[in-house]
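Below: the structure, in structure tokens.
The values are calculated or read from the model by the stated rules, or taken from the named source; none is laboratory data. Please read all numbers here as calculations on a predicted model, not as lab measurements. When we count neighbours, we look across all protein chains shown, and the Cβ atoms used for this are built from the backbone with ideal geometry, even at glycine. Remember, those area values only see protein heavy atoms, side chains included, never the ligands or the DNA or RNA. Shrake-Rupley method; radii C 1.70, N 1.55, O 1.52, S 1.80 Å.
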Protein chains: 4
Amino acid sequence: MATDSYARLLIRCADQPGIVAAVTTFLFQHGANITELDQHSTDPSGGLFFMRLEFQTPKLDLSRQALEQAFAEAAGRRYNMDWHISYAADRPRMAVLVSAHDHAALELLWRWQRGELLVDIPCVISNHDKLRGAVEQFGIPFHHVPQDTAGQREQAEARMLELLGGNAEFLVLARYMRILGPAFVARYPNRIINIHHSFLPAFVGADPYRQAYERGVKIIGATAHYVTADLDQGPIISQDTAHVSHSDEIDDLRRLGRDLERQVLARAVRWHVEDRIIVDGNKTIVFD
Amino acid sequence: MATDSYARLLIRCADQPGIVAAVTTFLFQHGANITELDQHSTDPSGGLFFMRLEFQTPKLDLSRQALEQAFAEAAGRRYNMDWHISYAADRPRMAVLVSAHDHAALELLWRWQRGELLVDIPCVISNHDKLRGAVEQFGIPFHHVPQDTAGQREQAEARMLELLGGNAEFLVLARYMRILGPAFVARYPNRIINIHHSFLPAFVGADPYRQAYERGVKIIGATAHYVTADLDQGPIISQDTAHVSHSDEIDDLRRLGRDLERQVLARAVRWHVEDRIIVDGNKTIVFD
Amino acid sequence: MATDSYARLLIRCADQPGIVAAVTTFLFQHGANITELDQHSTDPSGGLFFMRLEFQTPKLDLSRQALEQAFAEAAGRRYNMDWHISYAADRPRMAVLVSAHDHAALELLWRWQRGELLVDIPCVISNHDKLRGAVEQFGIPFHHVPQDTAGQREQAEARMLELLGGNAEFLVLARYMRILGPAFVARYPNRIINIHHSFLPAFVGADPYRQAYERGVKIIGATAHYVTADLDQGPIISQDTAHVSHSDEIDDLRRLGRDLERQVLARAVRWHVEDRIIVDGNKTIVFD
Amino acid sequence: MATDSYARLLIRCADQPGIVAAVTTFLFQHGANITELDQHSTDPSGGLFFMRLEFQTPKLDLSRQALEQAFAEAAGRRYNMDWHISYAADRPRMAVLVSAHDHAALELLWRWQRGELLVDIPCVISNHDKLRGAVEQFGIPFHHVPQDTAGQREQAEARMLELLGGNAEFLVLARYMRILGPAFVARYPNRIINIHHSFLPAFVGADPYRQAYERGVKIIGATAHYVTADLDQGPIISQDTAHVSHSDEIDDLRRLGRDLERQVLARAVRWHVEDRIIVDGNKTIVFD
């Protein structure tokens, strides 16, 4: 059976008895075979309830549209759910924003090229022209949108929105070293993933490896998170750390950190693409 | 709400559509509020299906016995399930077997004493008398059952069975350095947990730290597994590793390894006590 | 050869050519066989130089006192070194301060009891009386020095200094939840080790597991550091982290964190006892 | 100061007092400033002694050739040393052998391209033609040397030796799935690095991810080692592991394992290039 014959249903609602039974009974009655089911409740009495189901679609007795309408009637409205269904056959379109450091962006392009990252990539946008060659080698359009001063931000972001058009469902900031304005961020709520090169909340802001070096930490880290209007404060998706010692200079931290950033970002993007993440306020539920 | 107001239902059966719906609907109809639900299918078409549910019991509309009878009728027989329900209020009784190394056994007693490991401990049995004082300090009976030659095994195991009586639901071999005979093992199917001081399947048998040292590995490990009649071949529950270097002598490996063994064994025992493990042939499903 | 036949020489001075040759030639000429040699330079041109040597003492041709005098003449003064020699046969005396959480303190006592931590422990001091029984079981004196209000600090610290007398070379704060005053700290410069239950510099101050939970991090950590007058800002000795998920409640973070704290603190104390740590401003050099 | 102004001296000899003093005094007297010094002794009494020094060369008072001759006279012969000096300015030439899986080879080429791996790469050789395009994109010659049956090995290896000529100082098997014959291996003693996709010594031979899946392990691993005539038995350089669960299918193990293989191989190659590895029988000393 092809990978494309799967769909995923994500649900969020107030916790109350009977939700799992209602949802699974509905899917069963319409010919969906559930292959994964994860749930989380913040508190069985009065908390929020989150659920992710993965199910096979070949024997569904309804079209996509009819299924969604039936689900809204059978469960969605009754439990006042926030829900959506995505289909593995529909590849999400992911645009990449990058500055001068290539490792995080290339890690994504490389995984995409070898069929490991199931997205379409409409374009890569950079405030430098430096990575044009490296990106175009993958057959992906590269756009240079300069932004050398804070005053240019408004214009640059307008140009980026124009280039992105309706062509990107989510964005990845793969070491994009410009701060996005709140209006831009509001266009992609919980749909911009950033890789920050520290274990947040430590070392927010600029040059975290230098901050880490100067504090004398014995571990460095990387954090993938959704971007909100508050710099480096958005919901954390994935984090990892590596041990360092007194003999590691700042450049060693950067070198070791690059490997962490590549791993952590690639993992977060895969989870996002597979609809494994639900944002709950300033936290994430990750059904991995 | 008290921790004791929970129960867990573990299920194994042939995979087929409708199981989740049937089980969750049943629990819903009888007043159980599901707080955790994990499932695993080896193959949606013709594979095995495993499920663990944790649910609150205060609003159940049936007694334990009536609930189990009703479940058998509503779902158990229909899907030809292998299932059981355990109640958090019923602390399982865990006996510990140990030889001369104290770290793994003391780690368990220490966690038990501070209320972290929710079991009763009827006794500790050892083929040495060395740890009597350390064990009795915890107020736990200690039995010395010598077994200096292979010829004494039959007699020693008979004595241990006598001491254990019906008083232990599962056993932990916390660095017990005698091989248990097949008849003894058969009395506790998937209910004897051993800690082996290597990352299995590497370094089975005696003195794995020496084997590791002589092979020149750069990692050492520990493995918790259920005991079967085949030495060090039983279903693996949990494993972990630590980095070592050329400057680590055998005694350093042993020292570092002790910390691994304590962590890995404590985790495996907790999972067993919380009914998070299902054995599937020579593998384990761990719903952690 | 007994473990006690070793000594360690720690050196700090301005980096300049010839130091290693001078030191190793000196030791060679006096019959010391070097078994470990570690060095670190912050910058070969104009930086600081740090060195740790471990050497066998049985064939030394000088008494301790004469050796130190000869070293001062041959190398110490010439290179304007800050240096000292310690002998493995001299067990340092370590006092433990603890509040109500027992895990970190008991980990140290347990390692001490089984001969893994080569110190003498003159006493354990606590602002609670709760752990008296657990400590006295090890045959170690326990002193209760209450400190319920900030106003009692001066008096409590005076009492602690009295109890410690000249009997402790270094202190370990094994989850001691009172802030030590600058005058007290100044009595033990770089000789008070604290375990903080987060990956510093994140989550300084009170209840870091709650802070971590509320921020929604995907890792938790523990940090062992020397205490300075600035809370949680002293030189970091050792850090480690563990992965957590959305399903971990605060109490799960605390439970997982306890294991981290025990490991990280035990490692830092071992390094301190083996004279493996040199403090350089707000950083540590760890020759592990 | 440029990175190229460094040299490294590696030494192996019988342990005896005075070696460190003799070597460091020699370098000091000839104007070399030592920036790193690592040593290891298998046993201070009658064991083997290993040392690695990194030193700055700009103020050397002798040419390379004269320095080496002087060292031989001053220390090498006296202590019967096996030693050599390498210069950071001399980039070693590294040939890559690969089969159909591209990830390990591309990781190396990618690090080489961005200036992180300081080697020259004369060519990539493969028993498939599949990766020609990917390799040639980096401007590196690609040679297809088919070897479809065991009977073709002799001829294929002869062809490879012809292609390698004197142009490669060491080889990397980046998932090269053919077994090299003993005569070929003997041409590159301790100069062929292989990445094996398991934590050796577990799962030697073919398809280790399948073996791991079937054994039901909870960790997978990768091992970089030098190739000897015995398959998967050579001295281990670096190893790492990652946690897996019952829900990971073989393809998940392969996907997670690729990331491990890339990291472990890249680290081992960097250590080799920086002359940080000394082989001691079937073990390695790694001065990282």
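Just a few scattered comments:
- In order along segment D:82-94, the phi-based Karplus estimate (6.51 cos²θ - 1.76 cosθ + 1.60, θ = phi - 60°) of 3J(HN,Hα) comes to 9, 8, 7, 10, 10, 10, 4, 6, 8, 6, x, 9, 10 Hz; Gly and Pro are listed as x.
- Axis-proximal residue, chain B, for the rotation superposing B on C (Cβ, Å): B:Gln137, 3
- Chain D: most fluctuating residue of D:His225, D:His103, D:His196 per GNM, C-alpha cutoff 10 Å: D:His103
- Straight-line cross-link reach from A:Lys218 at under 29 Å between alpha-carbon atoms covers these lysines, not counting any fewer than eight positions away in the same chain: A:Lys283, B:Lys218, C:Lys218, C:Lys283, D:Lys218, D:Lys283.
- The simple spin-label model puts a point 7 Å past each Cα toward its Cβ; for A:Ala100 and C:Asp43 those points are separated by 2.2 nm.
- Share, in percent, of DSSP beta bridges within segment D:30-152 that are antiparallel, nearest 5: 55
- Sequence-distant lysines (8 or more away, or on other chains) whose Cα lies within less than 30 Å of D:Lys130: A:Lys130
- Positive minus negative residues near D:Asp275 (Lys, Arg vs Asp, Glu; Cβ under 10 Å): +1
- In this structure, the amide hydrogen of C:Asp280, modeled 1.01 Å from its nitrogen in the peptide plane, lies closer than 5 angstrom to those of C:Ile285, counting only residues at least 5 positions away or on a different chain.
- Dipole of chain C [Lys/Arg +1, Asp/Glu -1 at C-beta], most positive-end residue of C:Leu118, C:Leu10, C:Tyr176: C:Leu118
- Using a Förster distance of 51 Å, the FRET efficiency for D:Ala14-D:Asp129 (Cβ separation, nearest 0.05): 0.50
- Distances between placed amide hydrogens fall under 5 Å for C:Ile192 paired with C:Leu171, C:Val227, all partners being 5 or more residues away or on another chain.
- In this structure, the amide hydrogen of C:His84, modeled 1.01 Å from its nitrogen in the peptide plane, lies closer than 5 angstrom to those of C:Leu10, counting only residues at least 5 positions away or on a different chain.
- When Rg and the Kirkwood Rh are both derived from Cα coordinates, the Rg/Rh ratio for segment B:98-176 amounts to 0.96.
- Label point distance in nm, D:Asp280-A:Arg210, each placed 7 Å from Cα along Cα→Cβ: 4.2
- For segment D:1-100, the set of trypsin sites (Lys or Arg not before Pro) satisfying both a DSSP loop assignment and a count of at most 16 other C-beta atoms within 10 Å is given as D:Lys59, D:Arg77, D:Arg78.
- Label distances, nm, C:Ser63 versus same residue in remaining copies, Cβ-directed 7 Å point: 5.6, 8.6, 10.2
- Share of pairwise Cα separations in segment A:131-228, more than 21 Å, in percent: 45
- Rounded to 10°, Cα long-axis angle of helix D:250-273 versus longest principal axis of chain D: 20
- Sparsely packed loop sites in segment A:129-234 (the trypsin sites (Lys or Arg not before Pro) outside DSSP H, G, I, E and B with at most 15 other Cβ atoms within 10 Å) comprise A:Lys130.
- Across identical copies of the chain, B:Asn190 has label-point separations of 3.7, 5.0, 5.7 nm, listed in ascending order, with the point defined 7 angstrom from Cα along Cα→Cβ.
- Its DSSP H runs of at least 4 residues, each contributing -39,500 (n - 2.57), put the calculated 222 nm mean residue ellipticity of the protein assembly as shown at -9000 deg cm²/dmol, to the nearest 500.
- Point-to-point label distance, C:Gln29-C:Met177, nm (Cα→Cβ direction, 7 Å offset): 5.8
- Dipole size of the protein assembly as shown about its Cα centre, with +1 on Lys/Arg Cβ and -1 on Asp/Glu Cβ: approximately 0 debye, rounded to the nearest 20.
- Listed residues A:Gln263, A:Leu163, A:Phe203: farthest to the positive end of the dipole of segment A:94-286 (Cβ charges): A:Gln263
- FRET efficiency for the pair C:Ala150 and A:Asp230, taken as 1/(1 + (r/R0)^6) with r the Cβ-Cβ distance and R0 = 35 Å, rounds to 0.55.
- Excluding ligands, DNA and RNA and using a 1.4 Å probe, chains C and B jointly bury around 1600 Å² of accessible surface, summed across both partners.
- Note that segment A:24-40 has calculated 3J(HN,Hα) couplings of 5, 5, 4, 5, 4, 5, 9, x, 8, 9, 6, 10, 9, 9, 10, 9, 8 Hz, one per residue in order, obtained from phi through the Karplus relation 6.51 cos²θ - 1.76 cosθ + 1.60 (θ = phi - 60°); glycine and proline are x.
- Note on segment C:1-41: the alpha carbon radius of gyration divided by the globular reference 2.2 N^0.38 Å gives 1.30.
- Rounded to the nearest Hz, the phi-derived 3J(HN,Hα) couplings of segment C:179-195 under the Karplus curve 6.51 cos²θ - 1.76 cosθ + 1.60 (θ = phi - 60°) are 7, 7, x, x, 5, 5, 4, 5, 6, 10, x, 6, 10, 10, 9, 10, 10, where x marks glycine and proline.
- Structural size metrics of the protein assembly as shown, computed from C-alpha coordinates, are Rg and Dmax of 31.4, 94 Å.
- If only the Cβ of Lys and Arg carry +1 and only the Cβ of Asp and Glu carry -1, the dipole of chain C around its Cα centre is close to 160 debye.
- Inter-copy spacing of A:Gly31 label points, which lie 7 Å from Cα along Cα→Cβ, given in nm from shortest upward: 4.1, 8.6, 9.3
- Cα gyration tensor, segment D:94-286 - rounded (a/c under 1.5), prolate or oblate: rounded
- Remark on segment B:1-160: ratio of C-alpha radius of gyration to 2.2 N^0.38 Å is 1.40.
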